[in-house]
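The values are calculated or read from the model by the stated rules, or taken from the named source; none is laboratory data. In this text the structure is predicted, and so the values were computed from the model without any measurement. We place every Cβ from the backbone using ideal geometry, glycine too, and count neighbours over all the protein chains shown.
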Amino acid sequence: MAVGLAGCSRQGNYTDNSAINNYAAHRGGAASDTTRAYQTQQLYGPVVHDNNHLYYNQYLSDQLSHMYGVRTAVVMTTDKYAYAAVLLDQSGIGTHGAASSNTRTNNAGTVVGIYNASQPQNDGIRPNEIANSGNGHVTVDNHLQLSRGIKQKLAQKIRYLQPAVRDVYISANPDFINAMTGLAQKSWTGQPLDPFVGDFNKIVTKEFGTAQLIGD
């Protein structure tokens, strides 16, 4: 499983010569850069998340989880796109963009070896809530708060391993992470995910929007 388990081998150097854990040194591409690997269609006009089929991609999830700065990744692929929910850690540099004031990190639980430091008598979390507030992981409120560098490298990795993907969407929003984790857990039990594609389309539409991106 990718969720909750980070690999010991880390990868991530594609088009720049910076350290593989330094995303600040990798520019990721301005809005007009045709080499950009993530949310490319949205640069040129509105988009629609009208996926028809939905799959949990264990291999891509594992590969992204092995990259510096990523604690855990959950990657969903559809008949058109790839959507990555990433739970960050402190092993990468420059993972947050300029609007990083809305990152969420709380080490209280990690320090004392429990999940819920404020209520130790109720030390537990729901199985799909891996993005919780007490165990040192890093999340952001909005996908635009991730740095271009980390989004670019993650998207390049996905496109390299699965060239048929038309576009890549990446977020470290905790609600998005937990929603994708819930779908992954359904897949692990053998449930097909196509019955959930309608709800999935609503989730990704809310998370990434449909309007043309300006200045990202």
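Every residue in the range 152-174 that is in contact with a helix residue (DSSP H, G or I) (Cβ under 8 Å, 6 or more places away or on another chain) and not β-branched (Val, Ile, Thr), please. Please lay out each step first, then the result.
Looking only at the range 152-174, we keep the residues that are in contact with a helix residue (DSSP H, G or I) (Cβ under 8 Å, 6 or more places away or on another chain), and these are 154, 157-158, 161-162, 165-173.
Answer for the range 152-174, where residues must be in contact with a helix residue (DSSP H, G or I) (Cβ under 8 Å, 6 or more places away or on another chain) and not β-branched (Val, Ile, Thr): 154, 157, 161, 162, 166, 167, 169, 171, 172, 173.
For residue 129, which of the numbered conditions (1) more than 30 Å from residue 45 (Cβ to Cβ); (2) modelled with pLDDT of 95 or more fails to hold?
Checking residue 129 against (1) more than 30 Å from residue 45 (Cβ to Cβ); (2) modelled with pLDDT of 95 or more, the one that fails is (2).
Give the residue that is modelled with the lowest pLDDT, with candidates limited to residues of the range 145-165 that are more than 15 Å from residue 70 (Cβ to Cβ) and in contact with a Gly (Cβ under 7 Å, 6 or more places away or on another chain).
145
Go through the range 151-168 and give me each residue that's in contact with a strand residue (DSSP E or B) (Cβ under 8 Å, 6 or more places away or on another chain) and assigned to a helix (DSSP H, G or I). Working first, answer last.
So in the range 151-168, the residues in contact with a strand residue (DSSP E or B) (Cβ under 8 Å, 6 or more places away or on another chain) come out as 151, 154-155, 158-159, 162, 165-168.
Hits for the range 151-168 are 151, 154, 155, 158, 159.
I'm told residue 208 meets every condition in (1) touching a strand residue (DSSP E or B) at 6+ places or on another chain (Cβ under 8 Å); (2) under 20 Å from residue 58 (Cα atoms) except one. Can you identify the failing condition by its number?
(2)
Considering only residues that are among the β-branched types (Val, Ile, Thr) and either out of contact with any helix residue (DSSP H, G or I) (no Cβ under 7 Å at 6 or more places or on another chain) or over 28 Å from residue 147 (Cα atoms) (or both), which ones fall in the range 191-216?
First, the residues of the range 191-216 that are among the β-branched types (Val, Ile, Thr): 197, 203-205, 210, 214.
Passing the criteria: 197, 204, 205, 210, 214.
Against the conditions (1) in contact with a Ser or Thr (Cβ under 9 Å, 6 or more places away or on another chain); (2) under 22 Å from residue 175 (Cβ atoms); (3) surrounded by 17 or more Cβ atoms within 10 Å (Cβ to Cβ), where does residue 68 fall short? Just the number, please.
Among (1) in contact with a Ser or Thr (Cβ under 9 Å, 6 or more places away or on another chain); (2) under 22 Å from residue 175 (Cβ atoms); (3) surrounded by 17 or more Cβ atoms within 10 Å (Cβ to Cβ), the lone unmet condition for residue 68 is (2).
Which condition from (1) among the polar types (S, T, N, Q); (2) at pLDDT 95 or above; (3) surrounded by fewer than 22 Cβ atoms within 10 Å (Cβ to Cβ) is the one that residue 106 breaks?
(2)
Residues checked against (1) within 16 Å of residue 62 (Cα to Cα); (2) crowded, with 16+ Cβ neighbours inside 10 Å; (3) under 14 Å from the mean Cα position of the chain (by Cα):
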{"residue": "161", "(1), (2), (3)": "yes, no, no"}
{"residue": "173", "(1), (2), (3)": "no, yes, yes"}
{"residue": "177", "(1), (2), (3)": "yes, yes, yes"}
{"residue": "185", "(1), (2), (3)": "yes, yes, no"}
{"residue": "188", "(1), (2), (3)": "yes, no, no"}
{"residue": "192", "(1), (2), (3)": "no, no, no"}
{"residue": "195", "(1), (2), (3)": "no, no, no"}
